[in-house]
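Structure first, then comments.
The values are calculated or read from the model by the stated rules, or taken from the named source; none is laboratory data. If you're wondering where the values come from, they're calculated on a predicted model, not measured in any experiment. All Cβ positions, glycine included, derive from the backbone under ideal geometry; neighbour counts span all protein chains shown. Quick note on the areas: whole protein, heavy atoms, side chains included, nothing else; ligands and nucleic acids left out. Shrake-Rupley method; radii C 1.70, N 1.55, O 1.52, S 1.80 Å.
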Amino acid sequence: MSKYFIFNLLLTFAIVFLGYSGFLAYQAGNQLILFIALALLVVMVYLKTVLLKVVKKEAKKRAETPKPIVKHKKGAK
């Protein structure tokens, strides 16, 4: 699960960076950078939604699997 956390963190930083760079490109009037930033932003948002679906499925599968019953020896703490 830690790899999903790191990937989610990287995607979040990428989304924020691309949104900010798109905003600055719009203010500067640089249409090429703006369209590139928007295209990459759409890809990152798509990847984040796919990641969230995978994590949801993993959590559901982990919750459904029964935990093994551990029998303790008599007198053991």
* **Hey, Met44 in contact with a helix residue (DSSP H, G or I) (Cβ under 8 Å, 6 or more places away or on another chain), touching a residue at least 40 places away in the same chain (Cβ under 8 Å) and not aromatic (Phe, Trp, Tyr) or not** => no
* To do: Give me the pairs, please: first residue somewhere in region 52-66 and within 18 Å of Leu11 (Cβ to Cβ), second residue anywhere and assigned to a helix (DSSP H, G or I), beta-carbon distance under 7 Å, and either six or more positions apart or on two chains.
  => Val55/Tyr4
* To do: Among the residues of region 13-37, write down those that are without any contact (Cβ under 8 Å) to a residue 12 or more places away in the chain and either under 19 Å from Leu47 (Cα atoms) or open to solvent by 80 Å² or more (accessible area, probe 1.4 Å) (or both).
  => Phe13, Val16, Phe17, Tyr20, Phe23, Tyr26, Gln27, Ala28, Gln31, Leu32, Phe35, Ile36
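Residue-wise test of (1) in contact with a Ser or Thr (Cβ under 8 Å, 6 or more places away or on another chain); (2) not in a helix (DSSP H, G or I).
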{"position": "Thr12", "(1), (2)": "no, no"}
{"position": "Ile33", "(1), (2)": "yes, no"}
{"position": "Leu41", "(1), (2)": "no, no"}
{"position": "Leu47", "(1), (2)": "no, no"}
{"position": "Leu51", "(1), (2)": "no, no"}
{"position": "Glu58", "(1), (2)": "no, no"}
{"position": "Arg62", "(1), (2)": "no, no"}
{"position": "Lys71", "(1), (2)": "no, yes"}
{"position": "Lys74", "(1), (2)": "no, yes"}
* Asked: Does Phe5 meet the test of being open to solvent by 100 Å² or more (accessible area, probe 1.4 Å), of a type in the set (A, V, I, L, M, F, W, C), modelled with pLDDT of 95 or more and part of a helix (DSSP H, G or I)?
  -> no
* To do: Could you tell me whether Thr65 is at pLDDT 95 or above, of a type in the set (S, T, N, Q), closer than 20 Å to Lys3 by Cβ and surrounded by fewer than 12 Cβ atoms within 10 Å (Cβ to Cβ)?
  => no
